[in-house]
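Working notes, structure below.
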Ligand code: TXA
Ligand code: MG
């Protein structure tokens, strides 16, 4: 199929209305959100959900998030409760997804056959306008080919999805760069299934208790059933092996200086001069986890374009949004962490 690429800076309303009409007739539209780009279709249509899985090459037991324009628009589709509205009051619209019991208006195909449904209300003006104009909730996974890093700008979307969808809306760079925080509500308690820009500490200010699902930082045992189906799939992976380096930053820098010249190094901005002569993809300053989150997926895709044989990166901290970065990087590295000892 031919994919139409729409720029939002030209005629905003005309582009949005055209894309909304495509959603209503069961088509596929890629749109920007504040986290990553989403590959959207009518969440109330089983056929549209199946078209999403086909376009991504995604296993159909991996459920989709439904995107609504306002928190209360989830009412016809999910069993909401006061705790959902407390979360909504603090964090919506924004990068938070809440798992609730599913109503029959959402077909099981959208929700990977589960009796729950994931609800998110994005803050990006294009996403908001598109959902409001479509008049139906929009099911949207990240707009990458399954297994690849999520796209955070239009050229990464086009590289994966041109010819596979009806419309791509180019809204520039995504502000956050990592997918939304996912929390499952069980009564007044939450279980963190995927860390994101809404941190665990922030959630704990609103809910009585928030547990972190073991698969967020650990490795699933063979045959272990994950709380979120997405946890079991290889994800975010570049073509070349990624190795995370743990240890004192000075020791890690020394290790990087001694790597072969065809290794790609994801180094801190301030390390660039000390690593002259290597292939470098600076990730941001050491203390700036937000910049590192923003650049991670583009850097992993760039490493592929550099034909990396091996990629080395610092193991991030788990503070604040660092936990989200840590979770994505561990999975991109298939849990390969190398500890660098001090030389003295
Ligand atoms: O930021 C985001 O959340 C982006 C943008 C486009 O909104 N979307 C996104 O969707 O990251 P996706 O499909 O790539 O990741 C959704 C994750 C998957 O790991 C899936 O298994 C999990 O959410 N999920 C969806 N519904 C679920 C449910 N009912 N129970 C548990 N996990 C669920
Ligand atoms: Mg994804």
- [ ] Among residues belonging to the stretch 142-160 that are in contact with a strand residue (DSSP E or B) (Cβ under 6 Å, 6 or more places away or on another chain) and within 13 Å of ligand 1 (Cβ to nearest atom), point out the one that is nearest to residue 72 (Cα to Cα).
- [x] 143
Task: Unmet criterion (only one of (1) touching a residue at least 12 places away in the same chain (Cβ under 8 Å); (2) away from ligand 2 (no atom under 12 Å from the Cβ); (3) more than 22 Å from residue 84 (Cβ to Cβ)) for residue 155 - done: (1)
Task: Flag for residue 90 being at pLDDT 95 or above, closer than 14 Å to residue 131 by Cβ and either surrounded by 19 or more Cβ atoms within 10 Å (Cβ to Cβ) or more than 16 Å from ligand 2 (Cβ to nearest atom) (or both) - done: no
Task: Count - residues of the stretch 103-131 that are over 19 Å from residue 198 (Cβ atoms) and within 16 Å of ligand 2 (Cβ to nearest atom) - done: 3
Open item on the list: Could you list, ordered by first residue, the pairs with Cβ atoms under 6 Å in which the first is in the stretch 1-16 and assigned to a loop (DSSP other than H, G, I, E, B) and the second is loosely packed, with under 10 Cβ neighbours inside 10 Å and at pLDDT 95 or above, at least 6 apart or interchain?
Closed with: 3/163
Open item on the list: What's the total number of residues in the stretch 264-277 that are over 26 Å from the mean Cα position of the chain (by Cα) and either surrounded by fewer than 19 Cβ atoms within 10 Å (Cβ to Cβ) or in the same structural domain as residue 196 (by TED's automatic domain parsing) (or both)?
Closed with: 7
Open item on the list: I need the full set of residues from the stretch 132-152 which are buried (at least 21 other Cβ atoms within 10 Å of the Cβ), more than 16 Å from ligand 2 (Cβ to nearest atom) and within 16 Å of residue 8 (Cβ to Cβ), in order please.
Closed with: 134
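So that you can scan it fast, the table gives a plain yes or no per residue for (1) within 23 Å of residue 157 (Cα to Cα); (2) away from ligand 1 (no atom under 16 Å from the Cβ); (3) outside the structural domain of residue 179 (by TED's automatic domain parsing); (4) in a helix (DSSP H, G or I):
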position: 236; (1), (2), (3), (4): yes, no, yes, no
position: 254; (1), (2), (3), (4): no, yes, yes, yes
position: 259; (1), (2), (3), (4): no, yes, yes, no
position: 282; (1), (2), (3), (4): yes, yes, yes, no
position: 286; (1), (2), (3), (4): no, yes, yes, no
position: 291; (1), (2), (3), (4): yes, yes, yes, yes
position: 295; (1), (2), (3), (4): yes, yes, yes, yes
position: 307; (1), (2), (3), (4): yes, yes, yes, no
position: 312; (1), (2), (3), (4): no, yes, yes, no
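The values are calculated or read from the model by the stated rules, or taken from the named source; none is laboratory data. Since this is a predicted model, take the numbers as computed values, not measurements. Here Cβ is always computed from backbone atoms with ideal geometry, including for glycine, and neighbour counts include all displayed protein chains.
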